[in-house]
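Throughout, read-outs are computed from the coordinates displayed, never taken from laboratory work. What you see is a predicted model, and the numbers here were worked out from it, not measured in a lab. Methodologically, a virtual Cβ is constructed for each residue, glycine included, from the backbone with ideal geometry; neighbour enumeration extends over all protein chains shown.
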Amino acid sequence: MTDLDQTGERALVAQVVDYAIYGLDTGGHVSSWNAGARLLQGWDAEEVVGRSLSTFYTPEDRAAGLPGRLLARAREEGSVRDAGWRVRKDGSRFWADVVITALHDDTGTLIGYGEVTRELSDERAANLELEASEELFRLLVEQVVDYAIIGLDVSGRITTWNAGAASLKGWSTDEAVGQHFSLLYPEADRAAGLPEELLARAAADGRAEHRGWRVRKDGSRFWGDIVITAVHDGSGRPTGYTKVTRDLTEQQRLEEARTSFLAGISHDFRTPLTAIRGFAQVLTRTPDDERGRDLAQRIVANAERLSGMVDQLVAHTRLRAGAVRIDPRPLDLAVLARDVASELEAALDDHQVRVAEAGPAVALADEAAMRRVLQNLLGNAVAYSPPGTVIEVTVGPVAGEPRVRAEVADRGRGIDPEDVEVVLGEYERGRRGEADGGTGLGLAVVRQLLELQGGCVALRPREGGGTVVEVRLPVA
């Protein structure tokens, strides 16, 4: 190397400010000091040259002989790396990453050492914070008792088991870890391949949710709500799954009791209602008593209204209990709409239902469920529209989506704009319908039935007055 090269190299080292770079003689005393060392450690070159390397170490490290050990290792191994606390001129400390390299002349004789020091205080603080956060999260997961939280490897074998899992399922951590998670399922579900199906869904979609019976160590069962989530490393490679289970046995029992109760109520109501309606219809045919016929017709109308309310309660309860089974098949919405309108002809009063086709509308849907949806929507349109008005049903494709739609438009009083979302909830009628009576379940049942089929429902005001209810379903 020429003198010019050596001069340029020394100038480069001297001016580096992101790293403290300095030379040490064979005894470990500072022989050179760059700008980065001055900025990081606080001493000027004139103050520090000739000082021992131990000047930059904490009293504890000096007492333990760390500076001498590091020089000895560098001498024996060529270089040594260390991370730890170092001391500035003002006595403050910083976390440093240090590399000490032994320097030799052309004959191999040791002539000193070079040390490069980089401050890592911010990185250390971030790592400590991350470690503390991870430890807190680990303790939180381990000690939660209201939820069973377990880890699974990619094959479905249990890798972690928290206190909630031990409390809910009965197995200790030692008993559970290493077992396949299918041991938590009833025999019928294992035979049907449900555990593997849930893992496959979680792997494909990121998560899988399921409710059903689960098994404890003692063989007893509980109704569990479970969510399985796929876990990936930083490169996106799958590393396993987390499974969170909540015991909903009491809620399930209450739901079943409510379903049973409403089924009984439905039967007990329908029997007298059928009798009342039958006798009233006989009275409507009395030729000489116009007043009596009018009263009888009112009795029939109210009996039918009450019967419809009972039907809504039962339908809602069955949906909440998960007792409604959906069988999606290709279904022509225009044909179904005309069929439902024909069935309801006697209840339409002076209204007309007009079905228009804006294009093919063959949905992948359950016929019984969609019949109920259209009955509810047409029934609402009749109830809230002036006599003699036309209720328009328009079916067709949804532009740019693999869906079809059915719109039911009336000329009624409309829905308050602030209630458009509210009225799709349970037992909600909106501000303009508070005095109408009824269960407030018609649109909730519509929404629930559509969601079961992968569909949705939305309401909007109709230009010129009234409401448009739009139903969307997957195209067949």
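Give the relative contact order (percent, whole number) for region 3-120; include only Cα pairs under 8 Å separated by 6+ residues.
Relative contact order here is 25 percent.
What ranking, highest mean first, results for peptides 374-382, 91-99, 51-59 when packing means the other Cβ atoms within 10 Å averaged over each residue?
Ranking, from highest mean packing down: 374-382, 51-59, 91-99.
Residue-wise, which Karplus ³J(HN,Hα) couplings in Hz belong to region 372-380, taking 6.51 cos²θ - 1.76 cosθ + 1.60, θ = phi - 60°, and x for glycine or proline?
Calculated HN-Hα couplings, in order: 5, 4, 5, 4, 5, 5, 5, x, 5 Hz.
Taking the number of other C-beta atoms within 10 Å as the exposure measure, put ILE149, ILE158 in order starting with the fewest.
Ranked by crowding around the Cβ, least crowded first: ILE149, ILE158.
Report, ordered by chain and residue number, the lysines lying within cross-link reach of LYS217, taken as a straight Cα distance under 23 Å and ignoring same-chain residues fewer than 8 apart.
Excluding near neighbours in sequence, the set is LYS169, LYS243.
When a footprinting reagent is the concern and you count Cβ atoms within 10 Å, what order do HIS210, HIS104 take, fewest first?
Least to most surrounded, the residues fall as HIS104, HIS210.
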